[in-house]
């Protein structure tokens, strides 16, 4: 009887401690979320201010909402064309990265062969190479083969540098999928391509969503590769169009913020679409990886 009372008292003490600790954790997370979201809030309110108000009242709400900033930024920066170029390059690079990365991860996770360790080491080496150190060699190479000022001059390097991350994320996730699923599909008459396309890839959607958002952020926001490999005004991507509002003599902050507001909208939309799958991929990786 005494033991039962002690156990109950211990449980009561634990429950009493849990409530304040849970409240503290929630407050800390709320503060972290506020700090994280504040730059986005500041960007949005700054996009609708005049240059004078931007300097005089940088953290306050706009007194007069300058909707014209968005319209002028769209027209002067030719952002419609830049948005189309960024969309084409990003979607094409994403498709190649996901297909090639998941196929490579599937092979490395399911088909052991003699040099599989070497192949994994090569992908790991690809993650260690500084991306911007390859700009000059890639420029010389693309100039010789006549690939400069084309979409492919961005699509292929983007895919190549994102593949190692996609392969390792996919490899870690695919090892958590039991082989019995493939064996059952093979008994039903599916070949390896059918197993991958009908079984493995749909089951891998959480990690595919994670790869998608990580790759999308890198492709969509890249400036260096686009600056070096693209000189044609008709092929300039969104980050290049943002640089038009700043020169050596000054910066038009109202138009710059308006253009950045336009550029950030697709990123937010993509995250909202894939947020559920991203969370599933993160949880699965933390438990099974």
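The values are calculated or read from the model by the stated rules, or taken from the named source; none is laboratory data. None of the values given here were measured: they were computed from a predicted structure. Methodologically, a virtual Cβ is constructed for each residue, glycine included, from the backbone with ideal geometry; neighbour enumeration extends over all protein chains shown.
Summary of values
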| item | result |
| --- | --- |
| Matching residues, region 144-164, being part of a helix (DSSP H, G or I) and either more than 16 Å from residue 90 (Cβ to Cβ) or touching a strand residue (DSSP E or B) at 6+ places or on another chain (Cβ under 6 Å) (or both) | 144, 145, 164 |
| Search result, residues across region 20-46 that are within 30 Å of residue 68 (Cβ to Cβ) and surrounded by 10 or more Cβ atoms within 10 Å (Cβ to Cβ) | 37, 38, 40, 41, 42, 43, 44, 45, 46 |
| One residue from 134, 87 being within 27 Å of residue 46 (Cα to Cα), in the same structural domain as residue 241 (by TED's automatic domain parsing) and at pLDDT 85 or above | 87 |
| Search result, residues across region 35-54 that are in a helix (DSSP H, G or I) and touching a residue at least 60 places away in the same chain (Cβ under 8 Å) | 40, 43, 44, 46, 51, 54 |
| Unique match (being surrounded by 12 or more Cβ atoms within 10 Å (Cβ to Cβ) and either in contact with a strand residue (DSSP E or B) (Cβ under 6 Å, 6 or more places away or on another chain) or within 27 Å of residue 186 (Cα to Cα) (or both)) among 100, 94, 138 | 100 |
| Any chance residue 120 is within 22 Å of residue 231 (Cβ to Cβ) and assigned to a helix (DSSP H, G or I) | no |
| Which listed residue is at pLDDT 90 or above and either in contact with a helix residue (DSSP H, G or I) (Cβ under 9 Å, 6 or more places away or on another chain) or over 30 Å from residue 85 (Cβ atoms) (or both), from 168, 196, 201, 161 | 161 |
| Verdict on residue 109 being in a helix (DSSP H, G or I), in the same structural domain as residue 218 (by TED's automatic domain parsing) and out of contact with any helix residue (DSSP H, G or I) (no Cβ under 9 Å at 6 or more places or on another chain) | no |
| Test result for residue 81, closer than 20 Å to residue 246 by Cβ, at pLDDT 80 or above and within 28 Å of the chain's Cα centre (by Cα) | yes |
| Sole exception among (1) in a helix (DSSP H, G or I); (2) in contact with a helix residue (DSSP H, G or I) (Cβ under 7 Å, 6 or more places away or on another chain) for residue 63, by number | (1) |
